[in-house]
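Report on the following structure.
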Amino acid sequence: MKKVLHIQGHALQHASLDGKALKITLSGQSPLRFPLTRISRITISGRCNVPIEVFIYCVTRQIPVTFFDGHGHIRGQLLPHLRQPEPLGFYLEQLPYHSGFKTVYALWLDNQRRHILKQVGMENGVPKLRAKQFHDAVVLMMKTMHCKDAFNQGIAWLLGFYRAHLNQIFHNAGP
């Protein structure tokens with residue numbers, strides 16, 4: 001099963017290829033090797049001070065690379081060249097007219113709600129009760145300014161990951 005490789009850019013000291021593996025060295029750690037066949041995509045957060053050639057090679061192996069700033073906003077993406085990329089807006093405008101959009105979206109939305117509830121430890125009980133428990137937990141968390149800032153930063157990161165994933169899906173689907 002392929003997994004996403006998350007790299008903290010500020011801690012990355014060296015990146016190279018070791019046979020069919022990506023070899024990275026983080027500050028104060030031994031080199032780590034990740035087989036390219038097990039990486040679905042690479043995300044790098046913060047400033048990256050290593051040569052980009054290694055990541056360009058990963059893109060040629062159909063592994064997209066996304067660079068984020070320290071707040072979860074996309075700084076740039078390296079995507080495999082499959083087809084001439086279309087603007088994201090074009091696909092989003094066409095999506096509601098697709099025949100199965102409402103069904104697929106409803107299933108996706110329900111799955112996302114269940115996933116969020118499970119992540120915060122509320123996977124048992126009636127869905128309305130779980131949603132109320134989640135809402136109450138968020139309201140309680142938002143009562144302090146520090147938690148509000150952390151929550152907003154977390155949302156920014158989630159939106160950044162979501163945009164990167166959508167860009168990859170639309171790029172792979174083509175026109």
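Observations
- Ranked packing of 103-116, 57-70, 154-167, most packed first, by mean Cβ within 10 Å: 57-70, 154-167, 103-116
- 3J(HN,Hα) along region 36-48, derived from phi through the Karplus expression 6.51 cos²θ - 1.76 cosθ + 1.60 where θ = phi - 60°, amounts to 4, 5, 9, 9, 8, 6, 10, 10, 10, 9, x, 6, 10 Hz, with x in place of Gly and Pro.
- Thr103-Arg33 pseudo-label distance in nm [points 7 Å out on the Cα-to-Cβ vector]: 4.7 nm
- Given R0 = 35 Å, the distance between the Cβ atoms of Lys132 and Gln62 translates into a calculated FRET efficiency of 0.20.
- HN-Hα J in Hz across region 18-25 - Karplus 6.51, -1.76, 1.60, θ = phi - 60°, x for Gly and Pro: 10, x, 9, 10, 8, 10, 10, 10
- Ranked packing of 9-19, 26-36, most packed first, by mean Cβ within 10 Å: 9-19, 26-36
- Here the calculated FRET efficiency for Ala156 and Val4, from their Cβ-Cβ distance with R0 = 22 Å, stands at 0.75, rounded to the nearest 0.05.
- A Förster radius of 30 Å, combined with the Cβ-Cβ distance separating Arg163 from Asp18, puts the computed FRET efficiency at roughly 0.45.
- Region 63-81 versus region 5-25: alpha-carbon centroid distance in Å: 16 Å
Readers should treat all values here as calculations from the given coordinates under stated rules, not as data from a laboratory. On a predicted model such as this, the values are computed, not experimentally measured, just so you know. All Cβ positions, glycine included, derive from the backbone under ideal geometry; neighbour counts span all protein chains shown.
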